[in-house]
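The values are calculated or read from the model by the stated rules, or taken from the named source; none is laboratory data. Quick caveat: nothing in here was measured; it's all calculated off a predicted structure. Cβ sites come from the backbone with ideal geometry, for glycine too, and all protein chains shown count toward neighbours. Ligands, DNA and RNA are excluded from the accessible area calculation, which covers all protein heavy atoms including side chains. Shrake-Rupley method; radii C 1.70, N 1.55, O 1.52, S 1.80 Å.
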Amino acid sequence: MGKTASPGPVIRTIQLSDLHEALRLGWEDFKAVPSHAIILCVIYPVLGLVLARTVLGYSVLPLLFPLAAGFALLGPFAALGLYELSRRRERGEQASAWDAVDVIRSPSFGAMLGLGTLLFALFVTWVATAQAIYVAAFGYEAAAGIPDFVTRVLTTSQGWWLIVVGCCVGFLFAVVALCISVVSFPLMLDRHAGAGDAMVTSLRAVARNPVPMAAWGLIVAVLLLAGSLPFFLGLAVVIPLLGHATWHLYRKVIEADLNPQPRRQRERRSAADFPAALFPWRRKDGA
């Protein structure tokens, strides 16, 4: 007789007010453990400045905005440590910046890494698509500098076509990322779910709450844009705020597990276990 599939997580219907509450709780987490901003999030403004310098140096200005916008695609994975900090505070445990690193010891870290790889592939595809749109509008001739680039984009019909098409295509990429990841990573951290089950649950959550989820996507986009404007430095606050708030949004969308699994750490394996470690079911079968 076949094994009965266990029901998926119960999804609640939420309101727009729940988004505000999630942001408020996220801000409380950020204020409670502010030191993690330096360790976890300084990479974002630094990366932004490096990208800006690289773009200016190699005359690939058209990629600056797509690269900055791509933070929204990678953010759910990059905020893994922030979910862990919010989880600890929620349970009344002590939380410090270094506790964020403990997420790599989660038994579901492999699944998180797999979904993170998918988001990275989505990010690379978006950047390549944005480059192709620019080439379709202006060809391969590089802009002479920032004034020339701004003039091209804002004062020509090709430039306005680029803006409209680029924003529409970027919106589609953002929708895909939101649908498959809005609660996926917190679910994997909290319940050790597989990547496939987490994505399905995320899709169900979006289908159950289309208006609040659309509003959440807009909030994320606006905050990331605001954080990017002052040379990306604002991301040091925006990224942790959104990361913590995402955990609390997950708590509001997904009903609590009445029979939670005991939290266990990943097994430590030696190099001698490779490549057998890639096929754990063979050890269970005694093969």
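So here's what we get for this one:
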{"item": "Enumerated helices (runs of 4 or more DSSP H) restricted to the range 1-106, each holding at least 1 residues that are open to solvent by 20 Å² or more (accessible area, probe 1.4 Å), modelled with pLDDT under 85 and small (Gly, Ala, Ser)", "result": "43-58, 64-69, 71-78"}
{"item": "Pairs, first under 15 Å from GLY116 (Cβ atoms) in the range 172-194, second part of a loop (DSSP other than H, G, I, E, B), C-beta under 7 Å, six or more apart", "result": "LEU187/PRO9; LEU187/ALA193; MET188/SER108; LEU189/SER106; LEU189/SER108; ALA193/SER108"}
{"item": "Every residue from the range 147-171 that is within 30 Å of the chain's Cα centre (by Cα) and without any contact (Cβ under 8 Å) to a residue 12 or more places away in the chain", "result": "VAL150, VAL153, TRP160, ILE163, VAL164, CYS167, CYS168, PHE171"}
{"item": "One residue from LEU249, LEU218, LEU225 being closer than 23 Å to SER184 by Cβ and modelled with pLDDT under 95", "result": "LEU218"}
{"item": "Meets criteria (assigned to a helix (DSSP H, G or I), open to solvent by 40 Å² or more (accessible area, probe 1.4 Å), in contact (Cβ under 8 Å) with a residue 24 or more places away in the chain and out of contact with any Leu (no Cβ under 7 Å at 6 or more places or on another chain)) for ASP197", "result": "yes"}
{"item": "The range 170-194 - residue that is of a type in the set (A, V, I, L, M) and within 21 Å of VAL103 (Cα to Cα) and, of those, surrounded by the most Cβ atoms within 10 Å (Cβ to Cβ)", "result": "VAL183"}
{"item": "Top-ranked residue of the range 204-255 - restricted to ones that are part of a helix (DSSP H, G or I) and touching a strand residue (DSSP E or B) at 6+ places or on another chain (Cβ under 8 Å), ranked as most open to solvent (accessible area, probe 1.4 Å)", "result": "ARG208"}
{"item": "Residue list for the range 94-122, filter: touching a His at 6+ places or on another chain (Cβ under 9 Å) and under 24 Å from GLY70 (Cα atoms)", "result": "ALA100, ALA111"}
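Each row is one residue, and each column tells you yes or no for (1) among the β-branched types (Val, Ile, Thr); (2) touching a strand residue (DSSP E or B) at 6+ places or on another chain (Cβ under 7 Å); (3) exposed (fewer than 12 other Cβ atoms within 10 Å of the Cβ); (4) not in a helix (DSSP H, G or I).
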residue	(1), (2), (3), (4)
ALA121	no, no, yes, no
ALA130	no, no, no, no
ILE133	yes, no, no, no
ALA143	no, no, no, yes
LEU154	no, no, yes, no
GLY159	no, no, no, no
VAL164	yes, no, yes, no
